[in-house]
Amino acid sequence: SKNTLIILTSDHGYNHGEKGFLYKNNLWEETTKIPLIIKAPNLKKSHGKRIDHPVSLIDIFPTITDFCNINASNIKGENGKPLSGFSLKSFLEKPSVSKWDGPDVALSVVRGFFKSSDPNKQNYSVRSKRYRYILYTSGKEELYDHKKDPYEWKNLVSNKKYTKIKKKMKQEMMNILNN
């Protein structure tokens, strides 16, 4: 208990008839939200605290290497690239922190209809504290305001009041994908 970092997470859920779907390969809240619990020794300020900032599972590896002071490269071979993700340690050190090194949104990906590994043929979603934006390979878009619509029933993508928000969410998605 004095020197062990504990991370608990699980797979994402299924839709059980919501929006007419009975499977898990979509980008709505019910199938992208997962539990993520981290208990870090000697960081008692975070024990029992809930962080409302969206993060991704890709952030687990950098969190572990940060806690373990591992600075070794993870690149394998001459064509390798560093892993994505950002350490969550700052949230554990100060649960009320509002700025961190990572993005303001969490990215989710579901392979497109043809099960291609080509990044241009994937369906993507980003979730901020308040909004979810989805971009499908077909070009179709969805935007939801979780403050007003936590179950994502009303797609706001065509609502002119949300044009700036849609543009910002799409730009944040592209920033992550281009990095």
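The values are calculated or read from the model by the stated rules, or taken from the named source; none is laboratory data. In this text, all values refer to a predicted model and were calculated from it rather than measured experimentally. A quick note on method: Cβ atoms are made from the backbone with ideal geometry, for glycine too, and the neighbour counts reach across all protein chains shown. Just so you know, the surface numbers come from the protein's heavy atoms only, side chains and all, with ligands and any DNA or RNA stripped out. Shrake-Rupley method; radii C 1.70, N 1.55, O 1.52, S 1.80 Å.
Put Glu93, Glu142 in order of accessible area, highest first, and with a 1.4 Å probe you get Glu93, Glu142. Under the combined filter of DSSP loop state and at most 11 neighbouring Cβ atoms within 10 Å, segment 1-79 retains these chymotrypsin sites (Phe, Trp or Tyr not before Pro): Tyr23. A Förster radius of 45 Å, combined with the Cβ-Cβ distance separating Ser158 from Ala72, puts the computed FRET efficiency at roughly 0.40.
Please name whichever of Pro150, Ile60, Ser73 sits farthest to the positive end of the charge dipole of the chain, dipole taken about the Cα centre and charges placed at Cβ: Lys and Arg +1, Asp and Glu -1. Farthest along the dipole direction, towards plus: Pro150.
3J(HN,Hα) along segment 152-164: 6, 8, 10, 6, 9, 4, 8, 7, 4, 5, 10, 4, 5 Hz, from the Karplus curve 6.51 cos²θ - 1.76 cosθ + 1.60 with θ = phi - 60°, whole Hz, x for Gly and Pro.
Phi angles of segment 52-68 translate, via the Karplus equation with coefficients 6.51, -1.76, 1.60 and θ = phi - 60°, into HN-Hα couplings of 9, 7, x, 9, 10, 4, 4, 7, 5, 4, x, 5, 5, 5, 5, 5, 8 Hz per residue; Gly and Pro are given as x.
Only Cα pairs under 8 Å and 6+ residues apart enter the sum, and on that basis the relative contact order of the chain stands at 16 percent.
Each label point was placed 7 Å from the Cα along the Cα-to-Cβ direction; for Ile7 and Asp101 their separation is 1.4 nm.
Our estimate of slack between Tyr23 and Lys44, defined as 0.36 nm per intervening residue step minus the Cα-Cα distance, is 3.7 nm. Across all Cα pairs in segment 1-80, the calculated P(r) in 5 Å bins from zero up to the longest distance comes to 3, 11, 17, 17, 15, 12, 12, 8, 4, 1 percent per bin.
From its DSSP helices (H runs of at least four residues, each -39,500 (n - 2.57)), the chain gives a residue-normalised ellipticity at 222 nm of -5000 deg cm²/dmol. Magnitude of the charge dipole for segment 1-151, about its Cα centre and with charges confined to Cβ atoms of Lys, Arg (+1) and Asp, Glu (-1), is about 400 debye. Within segment 61-179, the percentage of alpha carbon pairs spaced more than 24 angstrom apart rounds to 42%.
Pairwise inverse Cα distances across segment 1-136, averaged and inverted, put the Kirkwood hydrodynamic radius at 16.9 Å.
In order along segment 171-178, phi translates into HN-Hα couplings of 5, 4, 4, 5, 4, 5, 5, 7 Hz, rounded to whole numbers, per the Karplus curve 6.51 cos²θ - 1.76 cosθ + 1.60 with θ = phi - 60° and x for Gly and Pro.
Within the accessible area of the chain, the carbon and sulfur atoms contribute 53%, probe 1.4 Å, all protein chains present.
Rolled with a 1.4 Å probe across the full set of protein chains, the surface gives His16 an accessible area near 150 Å². Counting only protein heavy atoms and a 1.4 Å probe, segment 41-125 has 70 square angstrom of accessible area per residue.
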